[in-house]
Amino acid sequence: MAKKYVYLFTEGNGSMRELLGGKGANLAEMTKIGLPVPQGFTISTEACTQYYEDGKKINAEIMAEVMEYVAKMEEINGKKFGDKKNPLLVSVRSGARASMPGMMDTILNLGLNDDVVATMIAGNPDPKFERFVYDSYRRFIQMFSDVVMEVGKKYFEALIDAMKAKKGVQFDVELDAADLKELAGQFKAEYKEKLGKDFPSDPVEQLKLAIEAVFRSWDNPRANVYRRDNDIPYSWGTAVNVMPMVFGNLNDNSGTGVAFTRDPATGEKKLMGEFLTNAQGEDVVAGVRTPMPITQMEEKFPEAYADFIKVCDVLEKHYHDMQDMEFTVENGKLYMLQCRNGKRTAQAALKIACDLVDEGMKTEQEAVAMIDPRNLDTLLHPQFDAKSLKAAKPLGRGLGASPGAACGKVVFTADDAEKWHARGEKVVLVRLETSPEDITGMKASQGILTVRGGMTSHAAVVARGMGTCCVSGCGDIKMDEENKKFELAGKTFHEGDFISIDGSTGNIYEGIIPTVDATIAGEFGRIMAWADKYRKLKVRTNADTPNDAKKARELGAEGIGLCRTEHMFFEADRIAAFREMICSDTAEEREKALAKILPYQQGDFEKLYEALEGTPVCIRFLDPPLHEFVPTEEADIEALALAQNKSVENIKAIIASLHEFNPMMGHRGCRLAVTYPEIAAMQTKAVIRAAINVQNKHPDWNVVPEIMIPLVGDVSELKYVKKVVVDTADAEIAAAGANLKYEVGTMIEIPRACLTADEIAKNADFFCFGTNDLTQMTYGFSRDDAGKFLSAYYDAKIFENDPFAKLDQVGVGKLMEMAIKLGRANNDHLHIGICGEHGGDPTSVEFCHKIGLDYVSCSPFRVPIARLAAAQAAIREKQA
């Protein structure tokens, strides 16, 4: 039997997401539960995979099956595709397995041509109907040209603007049938001029080209960026949904809307959405006209509104989650075009999850599982300082589309946002409206401000997903994009002027308003308590200062997994002594210089132990190559020469001798301690003395220092350095008459250490994977230079993700599993963690759970993300 690629909505259901995509599965599910859905069909994700395997072509077998299902759709709907008597018009929409709002393409009103337009008008003499037909036709030509044939929509927008200027009107809806007919002719001429051929009139050819365009859009640059950011594999592909058109632009008794069953910004349990009369869905989502609130729909279409309220209730009870819905009213009758679990801010996600538990719709585990850990980042982002905000007067106000506070220099294009961001400038992107092409510029911006569009416009949805502050629909702005300036409340802003925006209130301010860290409480604490209840992995933090450690403790860190001691050497009061050590000729001179640093190191560690209140503190001994510490400024070199009683030339010769061709694989880590054991001895004294002092001060705490030897590749290196540490530590403990326990372990960051972990484990109390270096050495990539060529790897589909941001589970992960298995076989007391930035990436955290790590460690603000991701991993494992 031939493989099936096409499914009627009546043949599918909500569990078939992998095959039908999210939109297709939900259309089938809505059909199944009896909601008013125009009946069409879905071309599966497997057809998309086949399209790419066949060299970006739809093969004859799939196209024949599509046409078979077109005939079934015609029979169900009583209209015929391309028919001159009773024509069927369709929409062609993408629908990936995971929701990707605005990233892929849609074509409406497909099936129109000059003959069909004439037939439709002949069947209804109402001039308003004639206007509707030509409106639909010019939209179709514009969308088809833009999406399918890649003729930029700006050419068509310019023609519309010229027509409105000629007629002296402001809005598209004010153009009459004759104007739209003229526009349709102009659009076709523009198409022919740009492509050198006539606009296709055969509906079957239109359909085939449109399906190919949707498949092609799976691989467009904005979809690729979105997928990388949201862990959506390229291999999934997209489905295509073909369904009969229902017309929100038919007349004034029709309209279109987007709505959420709960507020996606706050989580409040109330219907929130927007509606436009005499419009098609693209008008609401694209933000071309600023719509009216959904509640006003009740006055205009009372029956359809009453039906819609019932549908909202049915859908939320069915899916047990907040729903995002697209719908159309045609001649007063409601049709559902889409539903999905709605995108929401982190604040809303927490409130909705808690409310659903309280309403009996979700268990605690389900509530924890439904929150995207990455979104928690946004809760921890700055807000405006209350005092400064009180003194500031807003110049204008738009819609608070994505919460948070942002200030920066005004830029007017996505390209400029990227360029300015790359040179270290903070920017706010100001646009008439954003489009999916702007995504990389939106990512580079502190905030986004648009003149048009509502709470469900592209800017609002994408900004909420990225956790970026956004104010949309500020119609008071007089925009001059060409000259890179805008006017608001009589004040002109040019490119580079400072502006501040509040994504919660929608307020816009001139200049810079200081920001403060966000405070978190309420639902956040409740969700985190549930997460802590179900997770098995401990979560530590990477922190080098008491302030970082304190912040991490507030956010739930259970210890320090990585304290980088080298950061402490760079402070002004100790760098001079460390440079003296580097330039010393004898061990005695080095010890003398290090003795000056010892009290500072000890003080640093005491403050860290105090901040951590008896929870584990893992201190990595000096790691970077020494050339990073030497002076580069002439005045500093002269000062060092004077302190060392050496000539400037002599100091410059020492500095030159420290140069390495590949410093990341050079004289660093444990190699420094092998060459200069006095460094390890000084650091050990500082660690042990600090621990003894803090333990004496707090007898109820259990201070057990963890000393981590970095960059071990051979067990003999560890034995050598460990002997220095143990001899020094034991002497200090004995001299103090203390009873302090301590541990000595190593960072596993060289592939050879993974391969010989059985030997290393006999001499270590713990392992901690340094996955930044382990990734670097496994791939042979320099993590400082890989960015120069990784984009080519993404384009060629060699990589889907940056291996330094998302742990490579196949290669690096295999080495980690090997090290754990070998290490634990020889040391059953060995505890094992990870302290690269991968420790805060949700998919990497899940992998760490699977392979049996004891803890992950990440930067302070990623601690809640790791806690939640660890809980989700444990819950998923239990359900499997």
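The values are calculated or read from the model by the stated rules, or taken from the named source; none is laboratory data. None of the values given here were measured: they were computed from a predicted structure. Cβ placement follows ideal geometry from the backbone for every residue including glycine, while neighbour counts extend to all protein chains displayed. For the accessible areas, the whole protein counts, side chains as well, though only heavy atoms, and no ligand, DNA or RNA atoms are used. Shrake-Rupley method; radii C 1.70, N 1.55, O 1.52, S 1.80 Å.
Is it the case, given these coordinates, that D808 is crowded, with 21+ Cβ neighbours inside 10 Å, under 23 Å from R752 (Cα atoms) and charged (D, E, K, R)? Judged against the criteria, D808 is a match.
Of all the residues that make up segment 14-36, how many are more than 19 Å from T238 (Cβ to Cβ), surrounded by fewer than 18 Cβ atoms within 10 Å (Cβ to Cβ), without any contact (Cβ under 8 Å) to a residue 24 or more places away in the chain and not basic (K, R)? Selection size over segment 14-36: 1.
Yes/no matrix, rows are residues, columns are (1) at pLDDT below 80; (2) outside any strand (DSSP E or B); (3) surrounded by 17 or more Cβ atoms within 10 Å (Cβ to Cβ):
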{"residue": "G441", "(1), (2), (3)": "no, yes, yes"}
{"residue": "I448", "(1), (2), (3)": "no, no, yes"}
{"residue": "A460", "(1), (2), (3)": "yes, yes, yes"}
{"residue": "G465", "(1), (2), (3)": "yes, yes, yes"}
{"residue": "D476", "(1), (2), (3)": "no, yes, no"}
{"residue": "F486", "(1), (2), (3)": "no, no, yes"}
{"residue": "T492", "(1), (2), (3)": "no, no, no"}
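Checked against (1) under 18 Å from F144 (Cβ atoms); (2) surrounded by 12 or more Cβ atoms within 10 Å (Cβ to Cβ), E205 meets all criteria but (2). Residue selection: S782 fails the criterion of being open to solvent by less than 10 Å² (accessible area, probe 1.4 Å) and of a type in the set (S, T, Y). Summed over segment 405-427, the residues that are open to solvent by less than 10 Å² (accessible area, probe 1.4 Å), out of contact with any Ser or Thr (no Cβ under 6 Å at 6 or more places or on another chain) and closer than 29 Å to A386 by Cβ give a count of 4. When segment 754-772 is limited to residues that are open to solvent by less than 10 Å² (accessible area, probe 1.4 Å) and in contact with an Asp or Glu (Cβ under 8 Å, 6 or more places away or on another chain), the one that is nearest to V715 (Cα to Cα) turns out to be F766. The condition of being within 42 Å of the chain's Cα centre (by Cα), within 25 Å of D765 (Cα to Cα) and β-branched (V, I, T) holds for only one of V630, V712, V674, V724, that being V712. Residues in segment 536-573 that are more than 15 Å from F605 (Cβ to Cβ) and in contact with a His (Cβ under 7 Å, 6 or more places away or on another chain): 2 in all. Residues in segment 260-310 that are out of contact with any strand residue (DSSP E or B) (no Cβ under 8 Å at 6 or more places or on another chain), of a type in the set (A, V, I, L, M) and in a helix (DSSP H, G or I): A306, I309.
Picking from residues in segment 801-820 that are charged (D, E, K, R) and in contact with a helix residue (DSSP H, G or I) (Cβ under 8 Å, 6 or more places away or on another chain), the one that is modelled with the highest pLDDT is D808.
Given the structure, is A576 open to solvent by 10 Å² or more (accessible area, probe 1.4 Å) and part of a helix (DSSP H, G or I)? When the stated conditions are applied, A576 passes them. Residues that are open to solvent by 60 Å² or more (accessible area, probe 1.4 Å) and in contact (Cβ under 8 Å) with a residue 60 or more places away in the chain within segment 579-594 comprise just one, E591. Of all the numbered requirements in (1) small (G, A, S); (2) over 25 Å from E330 (Cα atoms); (3) at pLDDT 90 or above, S136 misses one, and that requirement is (2).
Just one of T775, T756, T746 is touching a strand residue (DSSP E or B) at 6+ places or on another chain (Cβ under 6 Å) and of a type in the set (S, T, Y); which is it? Going through T775, T756, T746 in turn, just one is touching a strand residue (DSSP E or B) at 6+ places or on another chain (Cβ under 6 Å) and of a type in the set (S, T, Y): T746. Just the residues that are in contact with an Asp or Glu (Cβ under 8 Å, 6 or more places away or on another chain) and under 16 Å from Q280 (Cβ atoms), please, taken from segment 136-162. Hits for segment 136-162 are R139, M143, V147, K153, F156, I160.
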